[in-house]
1. Would you call residue B:515 more than 19 Å from residue B:573 (Cβ to Cβ), assigned by TED's automatic domain parsing to the domain that holds residue B:587 and outside any helix (DSSP H, G or I)?
2. Give the range B:239-283 a look and list any residue that's within 11 Å of chain A (Cβ to nearest Cβ), in contact (Cβ under 8 Å) with a residue 24 or more places away in the chain and within 22 Å of residue A:332 (Cβ to Cβ), or say none.
3. Can you pull out every residue in the range A:200-233 that is assigned to a strand (DSSP E or B) and under 15 Å from residue A:190 (Cβ atoms)?
4. Taking only pairs six or more apart or across chains, which ones have beta-carbon atoms under 6 Å, a first residue in the range B:463-488 that is within 12 Å of chain A (Cβ to nearest Cβ) and among the acidic types (Asp, Glu), and a second residue that is assigned to a loop (DSSP other than H, G, I, E, B) and buried (at least 16 other Cβ atoms within 10 Å of the Cβ)?
5. Would you point out the residue of the range A:31-54, among those that are in a helix (DSSP H, G or I) and either within 13 Å of chain B (Cβ to nearest Cβ) or among the β-branched types (Val, Ile, Thr) (or both), that is farthest from residue A:248 (Cα to Cα)?
6. Kindly indicate whether residue A:13 is assigned to a loop (DSSP other than H, G, I, E, B) and under 30 Å from residue A:326 (Cα atoms).
7. Looking only at the range B:380-427, how many residues end up being more than 14 Å from every other protein chain (Cβ to nearest Cβ) and part of a helix (DSSP H, G or I)?
8. Quick one: which of B:259, B:203, B:218, B:207 is farther than 26 Å from residue B:106 by Cβ and either at pLDDT 95 or above or surrounded by fewer than 24 Cβ atoms within 10 Å (Cβ to Cβ) (or both)?
Amino acid sequence: MSYIKKPKFQHPDLQVNDIGLTRRDYEGTLTTLCGGCGHDSISAAIIQAAADMSLAPHKVAKISGIGCSSKIPSYFLSKSHGFNSVHGRMPSVATGANIANKDLHYVGVSGDGDSASIGLGQFCHIVRRRINMLYIVANNGTYGLTKGQLSATADLGSKTKSGEESLYDNIDMATLAIELGATFVARSFSGDKQQLIPLIQAGLTHKGFAFIDVVSPCVTFNNTEQSSHGYKNTWETYVSLSKVDFVPMKEEITTSYDPGHGKTITLHDGSVIHLHKTGLNYDPSDKNNALKHINQHKDNGEIATGLLYINQSASDLHEIQATVDKPFNLLNNHDLCPGNEVLAGINQQFR
Amino acid sequence: MRNLPQSKIDTLPKTNDFVVKFANVNGSGSASANNMFAKAIFRMGIPVSPHNIFPSNIQGLPTWYEVRISEDNYLGRREGVDLMVAMNEQTIKADIDAVLPGGFVLYDSSKQLSNNLIRNDLHYLPIPLKDICLKEFDKPAQRQLFKNIVYVGALSALLDIDFKILTDMVSDQFQGKEKLISPNIHSLELGYQYASETFKCPLPLKLKKSNKNKDKILMDGNTAIGLGCVYGGATIASWYPLTPSTSVVDAFAKYCKRLRIEAGSGKNKFSIVQAEDELAAIGMVIGASWNGARAFTATSGPGVSLMQEFLGLAYFSEVPAVLFNIQRTGPSTGMPTRTQQGDLLSCAYASHGDTKHILLLPSTPKECFEFAADSFDIAERLQTPVIILSDLELGMNEQICDPLEWDDKRCYDRGKVLNEEELEKIESYGRYQDLDGDGIPYRTYPGTHASKGSYFTRGSSHDANAGYTEDGDIYAEVMDRIALKFKTAVKYLPEPEAPDIKKNSLGAIFFGTTTSAIQEVLDSLAKKGISLDTMRLKAFPFHDSVSEFIDNHDFIYVIEQNRDAQLKSLLKIECNANEEKMISILSYNGVLIAAKQIETEILASLDQAEKTGDARA
């Protein structure tokens, strides 16, 4: 826990966004993670992303599991409700919350231990159920809070600080999400805010299950030259398949994109993702192509990042189940209770 | 057909007071025929209680349906069978052995009965069911299924069941499927005709129309729970299939599809999610309840074992949750299709650390309905999980009970939840502050107010403002406040039922389905000059009157359906009850406790007391 209170001082000339809030309004409590932890960069990216797109903080619910990763919802959006649940079970809590109120943005934050091991089952099923949310895995290949055991995302041969070597194949959360039917899958690096922020914004806006696997090095236990999730290895091996810009719906689109220089994807609310053309000429709308590219890069010892896959035509659980427009948590007696006369009729069927 | 020996024992005539048991092979279509038999008796105004004793299997294993008929309204189980419908060759020896001397055996005489199955103290009712159906029907499935209907027709003649009631039931059941009505009625007639031509009908066992079931309904507890959830405002059910709880969600789904469709849009005011396991099922309930919707899950013992960690989270972070535990025989997989009250302790204190949970203990389908609806009010008022402990006996068997009622003036009690205007007025908000001194803090739903009322829910230790803390004193303060909340809880829970306490020296405490045997025990003991005061528990934590009841009696029989006397332990822990004065009567063989066992054990203990001067046997 933090023993230092965060100062409330605010610079008078701090810029305000469209809804009159400053960046400070999107912050949380002071971090208690180790200095240099990748996870703090993820918090900062979420703060920046939400502030820049003028998201109303109270219309966001933050849900996490257990572990270093799952602490971070404390460190951003203090005006949002948060729920730090139990280890590996964030997906079920987020599912229930989402069914109860379809009108909020849901941000789930989990780690590789939380989602790829103890919670792998729940992860698979939340993808299948197409819960409308942004699910971020802060992926460092290690169990930080219990002092550096290997996790299931550590690559074969990867070594932790204590010298423990990963003897088993890793689980790739991004390919898993694509195979299970996630409709927005990205991978990024906590050290590359320019890439991460627009991906977070696009993920928050995408209708359906949006997943971002963020390589986020653990400076204390898994940042050696031999660890697949360390800063050195990630900087050297990550390849951006596509450079992304996010333009919120409200903003007047001032930048004009030459069709020859990339691809523009309009999200359901009118926001726009612009994919800059890279030498790879990558098409994220093709599921099989996405899997092929990710695996090819892996074979070359590289980490494919950027927007890996997007499918705009899919529905979310509320659409699949044809739920009413009004959020369930606003339905009252009048909406829900059939009354005594109906019950009298039901009794009659049991006579 | 060879002549069977005449029974050497005459049957005492019995009207509206006997037991008929059907021994079948599961998957043979006997269930609906047997249900029809029980329901016809119900419609004749005669008290009747059917009990399914079925295997954890889909096809081919033995299954029984035991129907007790009792003009005196004794609806518990009675041991001994007066008429056995012996349709299963695998079990026929044991089934015939179970018939009381002077009783009857109806069997399929298409095949000769072997000599070792002939008892000279029984009456045999041979009916060539297979041959009749082979002759009358062409399709193999019909030949199999209608054997069951033929024996119901025969029973109609043998026991004097109003034949019109049976034919009306067939017409009701197959409304819209007219093709099925005539072969069913034809089968009933075949059986009726054969029996009345072959045997002296009615038998000395017979039924006579009565008026005991006026206004009553015949319903199973799980259906009543499903309906109670609809009436109680549940919008979300997440669950994992598990016998004997599955029919709770089936019933909820069925009534939602009928009663919860939005007029105009045709959209659903409910969501049902079949979860990947019970952990996810309770996780969704907690997420939904945290976000202000009414949600529940239904499971049985193995599911509750998996939900323990989440129940502790909901207890400590004070999130409402409703869980129906339809208990079955444990431990482990146990006997999945048999009944038990074996999860009392594991539910009262589910999860690690100091935890405690609200339990509701229904004993009739009507109470299943009421407690289901009430549980959402209680969970939201107290911001904690509520576990409704039913069991297989109550959940999956039809019982006669009073009709379900709903007070149209009733409004849901959503508990202490601050809305936007209320938040606007207050200066500061602390999620776990005890402003009213009752231990119950104020909640807010996510998304309520732009700048006030947000907080961080966590299972780690927290202070009154929901901030993380490792300060032991602050942790202890929170734990003490939650303990206070559980003292407050008692006033929101149904009080125990203790009808006219006569200050006897002997008392009996019990709950749930054990209740079905009690009136019979009391009446029988009264004839022997023994009287008992009784207390039926309806909820945990216990009301003060429970301690008083124990204090005011010299000896208390604690009657329950498990091996380890779990209720006795709970009374000892929670009421500081003197163990010396509590005498356990326990049943744990997987079937409903019978009055006879209770009476025998009470008499034995009194007999022993007379010899030793101490009622403890």
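1. No; evaluated as a whole, the condition is false for this residue.
2. Residues satisfying the conditions are B:255, B:256, B:259, B:260, B:269, B:270, B:271, B:272.
3. Correct list: A:212, A:213, A:214, A:215.
4. As it stands, the answer is B:463/B:469, since those pairs meet every condition given.
5. Here the answer is A:42.
6. Answer is no for this residue.
7. So the answer is 10.
8. B:259
The values are calculated or read from the model by the stated rules, or taken from the named source; none is laboratory data. All of these numbers come straight from a predicted model, not from anything done at the bench. Cβ sites come from the backbone with ideal geometry, for glycine too, and all protein chains shown count toward neighbours.
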